[in-house]
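FYI, it's all coordinate maths here, none of it is from the lab. Everything quoted here is computed from the prediction, not taken from an experiment. Positions of Cβ are backbone-derived with ideal geometry, glycine not excepted, and every protein chain shown enters the neighbour counts.
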């Protein structure tokens, strides 16, 4: 199962990202997809906090899942993605939901915004697809105001889902063939290398097994409970938050 947000790894990948746009949201219509989205969304917004009246940039917005949710929460949202097809779908969805969001097609390593433009930058499952994540994180810091919050969500290399995605990429065309998954220690080092952010807070979720044949909510809930208790920061989805100094 692919969960895809588009972003730039190499020019040749843009067409692959575009080709996934029309079917991307199908994942959320499956029982497991809906369950995971609920947990991920709750964790992201726990870290995002109150956004009403704030300027927020969504980097690697894909089909607009989080840009629309941020806008519906009262934020003034700008969103960027490398895929023109993803942007097209995101704009249509935002219009249908009555949300005004400014969407730009751009490389996340070269954000088309002035320094210190946004109160918050959010990027969900995008950093994995950067050829070099450090310049991307530096770009996010550049457009963030001092004291502003950066919220990053990534696919966790310490979860069995990472191996499952790599195996999937070997069997058929997938963006996971170029993806780099991050552990909590990877993220901590990356944030430290920017020299820009203060204390880092991290949490993870999604402790279901990737090889489950039939999703059962009760089983997944037990796995989630015990996973968070005994294996913190090893869930499939990892969120990191820090403020710019």
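Ordering of 37-48, 193-204 by packing is 37-48, 193-204, highest average first (other Cβ atoms within 10 Å, averaged per residue). Nearest 5 percent is fine: what portion of the DSSP beta bridges confined to region 11-240 is antiparallel? In region 11-240, approximately 30 percent of DSSP beta bridges are antiparallel ones. One decimal place: the segment residue 96-residue 145 gains 14.5 nm when fully extended, by the rule 0.36 nm per residue minus the C-alpha distance. Three principal axis extents describe the C-alpha atoms of region 118-245; from largest down they are 47, 34, 22 Å. Among 113, 66, 35, which one moves the most in a GNM of the chain with springs linking Cα atoms closer than 10 Å? Largest GNM mean-square fluctuation: 113.
Within the listed set 230, 215, 118, the Gaussian network model of the chain (springs between alpha-carbon atoms below 10 Å) gives the highest mean-square fluctuation for 230.
Which of 163, 211, 119 ends up with the largest GNM mean-square fluctuation for the chain, with Cα atoms connected below 10 Å? Taking springs between Cα atoms under 10 Å, the residue moving most is 211.
Site pair residue 245 and residue 185 shows an inter-label distance of 2.4 nm when each label is modelled 7 Å from Cα along Cα→Cβ. Here each label is just a point 7 Å from Cα along the line to Cβ, and for residue 106 and residue 225 those points are 4.6 nm apart.
In terms of other Cβ atoms within 10 Å, 27, 102 run from fewest to most in the order 102, 27. Considering only alpha-carbon pairs that sit under 8 angstrom and 6 or more positions apart, the relative contact order computed for region 11-240 is 18 percent. Taken along the Cα-to-beta-carbon direction at a fixed 7 Å, the label points for residue 218 and residue 50 span 4.1 nm.
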